[in-house]
Each structure stands twice: as structure tokens, then as C-alpha cells.
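Peer 1: Take this structure first; my questions come after.
The values are calculated or read from the model by the stated rules, or taken from the named source; none is laboratory data. Keep in mind that what you see is a predicted model, and the values were worked out from it rather than measured. For neighbour counting, all protein chains shown are included, and Cβ atoms are generated from backbone atoms with ideal geometry for every residue, glycine included. To get the accessible areas, we keep the full protein, side chains included, count just its heavy atoms, and leave off ligands, DNA and RNA. Shrake-Rupley method; radii C 1.70, N 1.55, O 1.52, S 1.80 Å.
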Amino acid sequence: MSKSAKGFRKLIWSSLVSSMAAVTIVSGAFAASPTQSTDAVPTGSSSLLPWMDMSLAPEARSELLLDAMTLDQKIQQLAGARSAIPELPQCGTSGRHIPGIPELEIPTFRITNGPVGLGGGDCSPQDKATALPVALGLAASFDPSLAYDFGNLMGGEARTLGLHELEAPGMNLARLGENGRNFEYMGEDPYLAGALASKEIQGIQDNDIIAMSKHYVLNDQEQNRMGVNVNIDENVLHELYLLPFEMSVKDGNVGSIMCSYNRVGGTYACENEYLLNTVLRDQWGFKGYVQSDFGATHSTAPALNAGLDLEMQSNKFFNNESIKAALDNKSLTLETIDQALDRRYVQMFKFGIFDRPIVQGTIDAETNGSKAREIAEQTAVLLKNKDSLLPLDASVDSIALIGQATYADAAAAGGGGSSRVSPLYTVSPLQGLQNTLEKIGSDAVITKVIVKNDNSNLNEAVAAAKDADVVILMAGVVTSEGRDRPSLSLPDNQDAIISAIAAANKKTALVLKDGDPVLMPWVNDVPAILEAWNPGQEDGNVVANLLFGLANPSGKLPVTYPVAKADTPTSTPDRYPGVNQGVFDSAGKEIPQVYYSEGLEMGYRWYDAKSIKPLFAFGHGLSYTNFEISKLVVTPKTTDGTKPIKVSFFVKNDGDVAGAEVPQVYLGLPENANQPPKRLVGFEKVWLKPGEKKHVTITIDPSASNHPLSIWDADADAWKTLDGTYKVKVGNSSDKAKLIDSITVRTPAGHNK
């Protein structure tokens, strides 16, 4: 484990006035702009409190408010509490908010979870919302504009329900295929995750809802998440795991950050000064506030001094007794308390939270459901399509719909845990098939067989498969916060189901519904495989439209699918789940140690560096049409490492169906950079009609927040661009980047990004 010459700093580191009139708001697919919002009430025009003057800047309003607050009031505002919400008595007692102070016109600060729709809010389970496809599916879209729509829909619904903060997006990387929360995150590549997360944040915050990047940082496994210590080299931390968060700050201008449960370099993430102050504020210039994950706070003065601003969900450490004791012994100052509150109040004033009443409107379920369906249709990845089995022919007479109840009988609306959405409605697989068959004028007969988890009625399913023209077989995994998958295999005997059904009918289309890569021992026996992820509440319509070609799959894998567990970088116990090495906490409990000793060789970088052939590569995804990428031109050929690089090529749709291709630009750094063979630095989703050809130019900006040409110099605590030859590789997946050119970088003497 390397350290910089400077060390590594121990790191390998609201109640509004009760007389306000109720307002009913109806949410469409998108919320109104702040100036047009129907729920904005200019309380500052009549209030006698100076911080309620809306003509003042957020910073000035926050300062005026803090000057008027007593110490007890300030302490009360540092943490959440389980209590009723005066503005919404129908919600009962909840723990996902900070109680307001009516005499100061500080509203109850209302929080809801994300990132796949509004889940686990402070009015749950009463609040229902649109269940979107899982975040890993959004990443598979490779489409920043779609990520904006995704965030905009969530932000609009949060605004409609009178909420203020949305705990989304999640951007921990898929280092571990078994991670129980991979479905909440955006895959294994930091640039892809950061690019989509930044647009999602913009979509959320354009509704005057505070977005929250989480879980900061290295909360990449659920096993032992409450205390595991992550050991990682500084350059790996910055180049991979911090990078999407950096992009969310610099490109997304995110209002808040959630710090994670785990330790980093021996120190809890929520009291880690290097992460919360040195990196987040000093290096990146973050101006928002840091909130703890629920129960992730472990101290009073150390956490506040390190940069934690808000304890959730209760005041175990940020309470009256503890804060005053810390002030008395001078381990904490009033200035630090004011700073923590100011960071949040500035964001609350910026997003108008003091200036609109807390009321609950009605979500437009039909409009938002339609948008959720459109999003989900663009997330699906066609993994395999032998003999063009898909799309299914409209003339088919009989269909066998087979699978276990979780996947073939009900909508796969998302994973478990705090992100679980209570959907406004759901569309089952059978209903979706019936809807699509009606659209295409088909009289096909559907026979549905739900296979029991012990496979005791598998013979019935096999018989139905033999009698059908085609089989639609559904399988998958539903994961959950708080626990990892026991393996990468499909659970509950599903491999046996797939093998038996594929043998019974050679026209079997397998639909996978999951949030992680899975092993496929039967892959050669199944002609067509569609990765639909957990598609959300519109599951049935989404899948049926894709299977019958009313929508053309355009997704690309945001994670690598391995042939075997032994092929992955986390197949040793020191890398996962961690090992005990005689390190104990103050209570005498042993602290598991996890070592990211694979370094930068994570995800597709690992497979490239080790020359391991994956089952399906990062970036892979087929279509119902064919595309050609050709004539790569890269300019300039020589650069000083500061000027933009233009990567141009043609993309043509060679087939007879409209569709989308995602050309991907990878960069291979000079040999002395000691990097894996390539990194993703650009992509663009290109929609083409049959026979259409487009000239595409992707610009690689060396000064961009993802530092495309640079490596982290631990000795200098800075990004550095090396002289040498950089290979530019373009293709439609990480293993098919066949178009290659190069540029030469000659940096000015002493140049350092």
C-alpha cells in the first residue's frame, strides 16, 4: 500500500406559519420552472423577519437567520428527529425530516430517498410515486439527456409531494458483482457514472429540489458495511471511486452529499477530514452540505470538525448535551456549528424551500407512467439474438410465458431496502403481453406457467414450452440494501428452469430482470437473451414492446458479465468480503479489512489487463438493426495536453429498422503511466433511420472534470498529464474498440493540471 511523501493524512487514507392556505398541485411529467410554480408563496413580502426577504441573496438570508437563532435552536437543527409533521398531520410520525421552528419560519425540512423513484420518504407508506427502472438500467442507456429526464421526473414528483431533498443519485461503482445495492448505482466506469449522475442532478434540481450524491465514498459492498475498513491507494481512490462524485460537484453542482457507513484508511467516512474537507471542499470547491447516512455518525466534535453538517436520522451525537459538552471543553466552536447550518440553509434559500408552503398535490400517474415506460425501453440490453429470433413475429399463434412468480407474474418494480418505491400502479408481464398483442392485431394464445421455487412443477412448464410456437422465459434477481448476493448465480434453481425450457423449445427468448451481472452456464443453449433489468412499474408493457419490436433495444452494458466468479477482480477474501487482522475498535470489536489491491484494474480494465475474455463485455449491446462505425479521424495529432481533442467518425445504420448505436471512445495512456490498457473518455447515443449515416464528433477536453488525459500524482496531491503517445480507440463495446489512432502529448515544462 503506497503513501505520498506528505503522508496520506491517515487515509489510504419546517414548520411554516399554520395559517397558510392549502394549495393543490398536479404534477405532469415535468415540474414548472421556479418562476412559474403554482406553489410559490412570496412570504418575504409580508413577513417581518428579515431573512424572509426574497430579494436578498441566499448567503445573506442565511447569515441573518443564524444571527437570530439561540444556541438551543441551532443544536435542534443539526439533526433529524422522529416526530409528527405539523404541516402534514396525515403522515403520522416519521423519522426522515428535521423539525422546523415556526417562530423563525424555518419549515420542516422534508427528505425522501431515491434513486429509482421516491422511496422511503417522511410520509411513507402513504406517499406513492412512479417506480422507475433501476439506476443500473439508466446507466445502460448511455444517454445523459435521458438521465436528465429521469431526474426531472423524480424532482417534479418530489416537488408535488411537498418534499425538499431527494437522496439521489447513487454513484458507488460496481466493483463487486454481488453488491446488494448495485441496482441503485451506475455501473463500473467512473466517467459513465459521473456523466449520467450530473445530468440526473440537474434534472432534480431544476425542480427546486436539493439532490444528494451518495454514498461518499467506497461503500461498494453491503456485507460489513457499518464498519468495514477500506484500504486503497490514493491514486486509485481519485481516479476511480472519487471521480463520479467530483463530476457531480463540478458538472452537476449538486447541493448535498451523503457520507457513507464504512471506514476509509481507519477513519469513518462521516468524520474523515481528508474526504470531507481536503478533497470535497478544498480541492473540488463544494459549497453544499454533507449529511450522514442513517446511523453513520459516530462522534460529535470530530464529525463536525471534519466537515459533517447534518446527522440523520436522529440526534444520537448531534444533541443538546453532547454539543454543549464539546463547546465547554473547547473541542468544538460555535463557528463550526454556524458553518454546518449555513451550508444547508444557503441551499434551502437557494432552492426556495423557505418560500413555499408544504402541501401535497397529486402526481399525474398516466403522464409520468408513460415517461417511465419510454425511459425503461431505452435501458434494455439485447445480449444475444441468434438467428434473429427477436423481435418476435406478429403472426405467432401460441406463446408460453414461463418463470417464477417474482419475474413472470408480477412487475419487477425495483430492489429492496430504503430505495423501494410504493408504485402508483404496476403492469404485470401477462397484461403487458396482452396490451402489445392487441396493438399489433395478434390473436396469439398465451399460456402462463408459474414455476414454483423448488421446481416441483417444472414438468408442467416444459410441456407448455413444447406446445408453444415461442417461449418467453423470465428469470432474474431481486437484491436489497443491507445484504449482498451469496453468489453471482441466479437464485432459487432458475438455472435448471432455463436449461430445461431451452431444451424443450429452440425458440426461447429469455428475459432477465435484475440489477447485477449474472453467471450463465446455459448461455449457448438459449438463442435470445434480453437484459431488461428491474424495469419499474411499467414492466409488462416495456418488455412486451421490446420483444415484439415496438421498441428497439438500444442499451449497452454498464458492467462486465464474467464467465465465472474466478474471473473477477474480487474473487479473493482480502478483496471481498474482507479479512480480520487483529484490528479492533474502542469497544473491542474487530474491524474487517478490505484491500482494493487490484488497484486500477477494476471492471473492464481488469479484463483488459489480465487478457480475460468476459461473457459479455462492458459496453456490449445488440440491436434489431446493424450499425457500422468507420473512418476515424483524430485531431490534432500533437498537443500540449490542454487543448480539446476532436474524435470524428461516421456511424451508419446498415439495416432496415430505426435504432440507436452508442460509439464509445477509449484512451490508452502512455506506458509510463502504469495504467490499464484503456479508459472510457467519451460516448454518444446516435439515433439513425434505416440506411442513414451521420458524421459524429466527440470532443475530449483535457480540462474536463473527469481528467481524461491525466493521472493522480499522490506526491503532488494533484492531477498530472504525462508526455507520450496516447492511443485513441473507438468501437461499440470495450472489447470491440477496433478503430485506432494516436496523438502525441508534449506538455510545457512544469505543466501540471
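Peer 1: Please name all residue pairs, on different chains or six or more residues apart, with Cβ atoms under 6 Å, provided the first residue is in the range 374-391 and is among the basic types (Lys, Arg) and the second residue is surrounded by fewer than 20 Cβ atoms within 10 Å (Cβ to Cβ) and at pLDDT 95 or above.
Peer 2: Filtered contacts from the range 374-391: Lys386/Pro527.
Peer 1: Turning to a different aspect of this structure: Out of all the residues in the range 608-624, which are of a type in the set (Ser, Thr, Tyr) and more than 18 Å from Lys678 (Cβ to Cβ)? Steps first, please.
Peer 2: We begin by selecting, within the range 608-624, every residue of a type in the set (Ser, Thr, Tyr); these are 611, 623-624.
Across the range 608-624, the qualifying residues are Ser623, Tyr624.
Peer 1: Ser456: closer than 18 Å to Leu383 by Cβ and of a type outside the set (A, V, I, L, M, F, W, C), yes or no? Let's see the steps before the verdict.
Peer 2: Values: closer than 18 Å to Leu383 by Cβ: no; of a type outside the set (A, V, I, L, M, F, W, C): yes.
For Ser456, the condition - closer than 18 Å to Leu383 by Cβ and of a type outside the set (A, V, I, L, M, F, W, C) - is not met.
Peer 1: For Lys720, state whether it is within 17 Å of Pro636 (Cβ to Cβ), in contact with a Phe, Trp or Tyr (Cβ under 9 Å, 6 or more places away or on another chain) and open to solvent by 60 Å² or more (accessible area, probe 1.4 Å). Don't jump to the end; show me each part of the working.
Peer 2: Values: within 17 Å of Pro636 (Cβ to Cβ): no; in contact with a Phe, Trp or Tyr (Cβ under 9 Å, 6 or more places away or on another chain): yes; open to solvent by 60 Å² or more (accessible area, probe 1.4 Å): yes.
So Lys720 does not fit the description; no.
Peer 1: How do the pairs read when you match residues in the range 52-71 that are open to solvent by less than 40 Å² (accessible area, probe 1.4 Å) with residues anywhere that are of a type in the set (Val, Ile, Thr) and part of a helix (DSSP H, G or I), using Cβ under 9 Å and keeping only pairs 6 or more apart or on different chains?
Peer 2: That search, which allows pairs on different chains as well, returns Met52/Thr43; Pro58/Val346; Arg61/Val346; Ser62/Val346.
Peer 1: If a residue has to be open to solvent by 10 Å² or more (accessible area, probe 1.4 Å) and over 17 Å from Leu382 (Cα atoms) to count, how many in the range 503-537 make the cut?
Peer 2: 5
Peer 1: Residue check: is Leu275 open to solvent by less than 10 Å² (accessible area, probe 1.4 Å), within 28 Å of Gly578 (Cα to Cα) and in contact with a Leu (Cβ under 9 Å, 6 or more places away or on another chain)? Before the answer, list the steps.
Peer 2: Working: open to solvent by less than 10 Å² (accessible area, probe 1.4 Å): yes; within 28 Å of Gly578 (Cα to Cα): yes; in contact with a Leu (Cβ under 9 Å, 6 or more places away or on another chain): yes.
Yes, satisfied.
Peer 1: Next up: Could you list all residues from the range 309-319 that are open to solvent by less than 60 Å² (accessible area, probe 1.4 Å) and not aliphatic (A, V, I, L, M)? Can you show your working first?
Peer 2: Filtering the range 309-319 for residues open to solvent by less than 60 Å² (accessible area, probe 1.4 Å) gives 309-312, 314, 317-319.
Result: Asp309, Glu311, Ser314, Phe317, Phe318, Asn319.
Peer 1: State yes or no: is Ile612 in a strand (DSSP E or B), at pLDDT 95 or above and either surrounded by 14 or more Cβ atoms within 10 Å (Cβ to Cβ) or among the small types (Gly, Ala, Ser) (or both)?
Peer 2: On the way: in a strand (DSSP E or B): no; at pLDDT 95 or above: yes; either surrounded by 14 or more Cβ atoms within 10 Å (Cβ to Cβ) or among the small types (Gly, Ala, Ser) (or both): yes.
No: the conditions fail for Ile612.
Peer 1: Determine whether Val657 is touching a Gly at 6+ places or on another chain (Cβ under 9 Å), of a type in the set (A, V, I, L, M, F, W, C) and in a loop (DSSP other than H, G, I, E, B). Steps first, answer last, please.
Peer 2: Numbers: touching a Gly at 6+ places or on another chain (Cβ under 9 Å): yes; of a type in the set (A, V, I, L, M, F, W, C): yes; in a loop (DSSP other than H, G, I, E, B): yes.
Against the criterion (touching a Gly at 6+ places or on another chain (Cβ under 9 Å), of a type in the set (A, V, I, L, M, F, W, C) and in a loop (DSSP other than H, G, I, E, B)), Val657 qualifies.
Peer 1: Cβ-Cβ distance below 6 Å, separation of 6 or more or different chains: which pairs start in the range 545-570 with a residue that is closer than 16 Å to Phe618 by Cα and in a loop (DSSP other than H, G, I, E, B) and end on one that is among the charged types (D, E, K, R) and modelled with pLDDT of 95 or more?
Peer 2: Listed pairs, sorted by first residue: Val559/Glu188; Pro569/Glu598.
Peer 1: Quick check on the range 338-361. Is at least one of its residues buried (at least 17 other Cβ atoms within 10 Å of the Cβ), of a type in the set (Ser, Thr, Tyr) and in contact with a Leu (Cβ under 7 Å, 6 or more places away or on another chain)?
Peer 2: Yes, the range 338-361 contains a residue that is buried (at least 17 other Cβ atoms within 10 Å of the Cβ), of a type in the set (Ser, Thr, Tyr) and in contact with a Leu (Cβ under 7 Å, 6 or more places away or on another chain).
Peer 1: If I filter the range 479-502 down to residues being of a type in the set (Asp, Glu) and surrounded by fewer than 21 Cβ atoms within 10 Å (Cβ to Cβ), which single residue comes out as nearest to Gly416 (Cα to Cα)?
Peer 2: Going residue by residue through the range 479-502, those that are of a type in the set (Asp, Glu) are 481, 484, 492, 495.
Now drop any that are not surrounded by fewer than 21 Cβ atoms within 10 Å (Cβ to Cβ), which leaves 481, 492, 495.
Details: Glu481: 6, Asp492: 17, Asp495: 23 Å.
Per the criteria, the residue is Glu481.
Peer 1: Run down Asp122, Asp149, Asp127 and say which single residue is open to solvent by 10 Å² or more (accessible area, probe 1.4 Å) and either part of a loop (DSSP other than H, G, I, E, B) or of a type in the set (Lys, Arg) (or both). Spell out how you get there, then give the answer.
Peer 2: Working: Asp122 fails: open to solvent by 10 Å² or more (accessible area, probe 1.4 Å); Asp149 fails: either part of a loop (DSSP other than H, G, I, E, B) or of a type in the set (Lys, Arg) (or both).
One residue alone meets the criteria, Asp127.
Peer 1: Return yes or no: is Pro670 at pLDDT below 95, farther than 20 Å from Ser630 by Cβ and of a type outside the set (Gly, Ala, Ser)?
Peer 2: On the way: at pLDDT below 95: no; farther than 20 Å from Ser630 by Cβ: yes; of a type outside the set (Gly, Ala, Ser): yes.
No; evaluated as a whole, the condition is false for this residue.
Peer 1: Tell me which residues, restricted to the range 564-601, are surrounded by 12 or more Cβ atoms within 10 Å (Cβ to Cβ), aromatic (Phe, Trp, Tyr) and more than 26 Å from the chain's Cα centre (by Cα).
Peer 2: Those that are surrounded by 12 or more Cβ atoms within 10 Å (Cβ to Cβ), aromatic (Phe, Trp, Tyr) and more than 26 Å from the chain's Cα centre (by Cα): none in the range 564-601.
Peer 1: Inside the range 514-550, can you point out the residues that are of a type in the set (Phe, Trp, Tyr) and out of contact with any Gly (no Cβ under 6 Å at 6 or more places or on another chain)?
Peer 2: Applying the first criterion (of a type in the set (Phe, Trp, Tyr)) to the range 514-550 yields 522, 533, 548.
Of everything in the range 514-550, those that are of a type in the set (Phe, Trp, Tyr) and out of contact with any Gly (no Cβ under 6 Å at 6 or more places or on another chain) turn out to be Trp522, Phe548.
Peer 1: Out of the residues in the range 72-100 that are of a type in the set (A, V, I, L, M, F, W, C), open to solvent by less than 10 Å² (accessible area, probe 1.4 Å) and in a strand (DSSP E or B), which is nearest to Asp122 (Cα to Cα)?
Peer 2: Initially, the range 72-100 is screened for residues of a type in the set (A, V, I, L, M, F, W, C), giving 75, 78-79, 81, 84-85, 88, 91, 98.
Add one more test, that the residue is open to solvent by less than 10 Å² (accessible area, probe 1.4 Å), and what stays is 75, 78-79, 85, 88, 91, 98.
Restricting the remaining residues to those that are in a strand (DSSP E or B) gives 79, 98.
Numbers: Ala79: 14, Ile98: 10 Å.
Among those residues, the one meeting the criterion is Ile98.
This table checks each residue for (1) open to solvent by less than 30 Å² (accessible area, probe 1.4 Å); (2) touching a strand residue (DSSP E or B) at 6+ places or on another chain (Cβ under 6 Å); (3) over 26 Å from Gln283 (Cα atoms).
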residue	(1), (2), (3)
Leu667	yes, yes, no
Trp687	no, yes, yes
Glu692	no, yes, yes
His695	no, yes, yes
Ala716	no, no, no
Ser733	yes, no, yes
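Peer 1: Residues being open to solvent by 20 Å² or more (accessible area, probe 1.4 Å), within 21 Å of Met348 (Cβ to Cβ) and either in contact with a Leu (Cβ under 6 Å, 6 or more places away or on another chain) or in a helix (DSSP H, G or I) (or both): count how many of those fall in the range 278-302.
Peer 2: So the count comes out to 1.
Peer 1: Of everything in the range 205-241 that's on the phi > 0 side of the Ramachandran plot and more than 19 Å from the chain's Cα centre (by Cα), which residue is modelled with the highest pLDDT?
Peer 2: Restricting attention to the range 205-241, the residues satisfying the condition of being on the phi > 0 side of the Ramachandran plot are 208, 218, 224.
If we keep only those that are more than 19 Å from the chain's Cα centre (by Cα) too, we end up with 208, 224.
Working: Asp208: 98, Asn224: 94.
The qualifying residue modelled with the highest pLDDT is Asp208.
Peer 1: Would you check which residues across the range 244-272 are open to solvent by 10 Å² or more (accessible area, probe 1.4 Å), part of a helix (DSSP H, G or I) and more than 22 Å from Gly295 (Cα to Cα) and list them?
Peer 2: Those that are open to solvent by 10 Å² or more (accessible area, probe 1.4 Å), part of a helix (DSSP H, G or I) and more than 22 Å from Gly295 (Cα to Cα): Val249, Lys250.
Peer 1: Suppose we keep only residues that are crowded, with 19+ Cβ neighbours inside 10 Å and not in a loop (DSSP other than H, G, I, E, B) within the range 408-436. Which one would you say is nearest to the chain's Cα centre (by Cα)?
Peer 2: Val421
Peer 1: Looking at Tyr607, is it open to solvent by 10 Å² or more (accessible area, probe 1.4 Å) and in a loop (DSSP other than H, G, I, E, B)? Write out each step before concluding.
Peer 2: Details: open to solvent by 10 Å² or more (accessible area, probe 1.4 Å): yes; in a loop (DSSP other than H, G, I, E, B): no.
No.
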